[in-house]
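The values are calculated or read from the model by the stated rules, or taken from the named source; none is laboratory data. If you're wondering where the values come from, they're calculated on a predicted model, not measured in any experiment. Ideal geometry is used to build each Cβ from the backbone, glycine not excepted, and the neighbour counts take in all protein chains shown.
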Amino acid sequence: MQNTGSPGVLLRTFTLIELLVVIAIIAILAAMLLPALNQAKGRAHQISCVGNQKQLGLSMLMYADDSNEYHVPYYRNYLEGGSAPYQWSRYIDEEYLKATDSFFCPTTPEMRAYFDSQSVSYRYFFTAYGYNYWNIGTSYRYEGNVLDTPPARLAELLMPDTTILTLDAAYRTDYTAGANNATDADSGCCNNVPHARHSDGVNILWCDGSVRYMKVTPLDPWAQLGTGANNTFWGRK
Ligand SMILES: [Zn+2]
C-alpha cells in the first residue's frame, strides 16, 4: 500500500497481512530458540554447580590434610567436648572455603534465601549440598568421655572415586530449603534427601575430589544411589 504523507514524499507502509506474517515468523523463531536457550541455561547451572562442589572438595581435602587425614566430622565441636552443634559446613566455610555462595546450587536460589533467613548458628544445616554424614563424617561426638566412630580417613577409602562425599541435596518436604546431609535413609532422622535438580539428576562430589553427574529418579533417588554402610556409593570401601 502506498500513501502520500506530504507533497513529494512517498511512504511505504505494511498491510495488516504483512504485519501478521512478520509476527508469525517471530513467534516461530522464538518457539524454536527458547528450548535451546533453556537447555543452555540448565547446562550453565550444572557446570556452575560442578565448580561449587569442586571448591567444596578442595576445602574438605585441605581439612583432611591438616587433620591427620581424617575427614571433617559432621559436628566439629564435639571433638572439643562442646554441646551445641557446630556443623561441618559452617566449619569448612569459616576456616577453609570462605565463600558461602559455593554452598548453593544456582538452580535453587530459594535455598540461599532460606539459609539467609535463619540464625548463624542454625543456617548451616540448610546448605544445598548434603554430606555423606552417616558413612564418612559421622557425628564423632563425646558420649561420656568416649568418642564414637571417627570420620573416615583418606587412606581408609580404597575406592574414593566411587564413594560419595557430598551431592545436590534438599529438605524433603518442599525442596525450598537445603540440607547439609543426605544420608537420612540410613540414620532414620529428619528428611534430608538427594535432590535431582539437574535434568532429573544430581552432581556428586566423590571422595577423590572429582565431581560427576548421575541420573536419578527424582522421587526415589535411592533406587540408583542405594543406602546403607555396605552400599556401592555411600559406604566406606
Ligand atoms: Zn546442583
Practice task
Output yes when any residue across segment 177-190 is surrounded by fewer than 21 Cβ atoms within 10 Å (Cβ to Cβ), hydrophobic (A, V, I, L, M, F, W, C), away from the ligand (no atom under 16 Å from the Cβ) and under 19 Å from Ser89 (Cβ atoms), and no when none is.
Solution key: yes
Exercise for the section: Please work out if Thr149 is free of Cβ contacts under 8 Å to residues at least 12 places away in the same chain and among the β-branched types (Val, Ile, Thr). Expected result: yes
Problem - Count - residues of segment 123-136 that are within 10 Å of Arg90 (Cβ to Cβ) and away from the ligand (no atom under 16 Å from the Cβ) - result: 3
Handout entry: Exclusive hit being modelled with pLDDT of 90 or more and in contact with a Pro (Cβ under 9 Å, 6 or more places away or on another chain), set Ala64, Ala99, Ala113
Key = Ala64
Practice task
Identify all residues within segment 102-119 that are more than 13 Å from the ligand (Cβ to nearest atom) and either crowded, with 18+ Cβ neighbours inside 10 Å or touching a residue at least 24 places away in the same chain (Cβ under 8 Å) (or both); write none if there are none.
Solution key: Glu110, Tyr114, Phe115
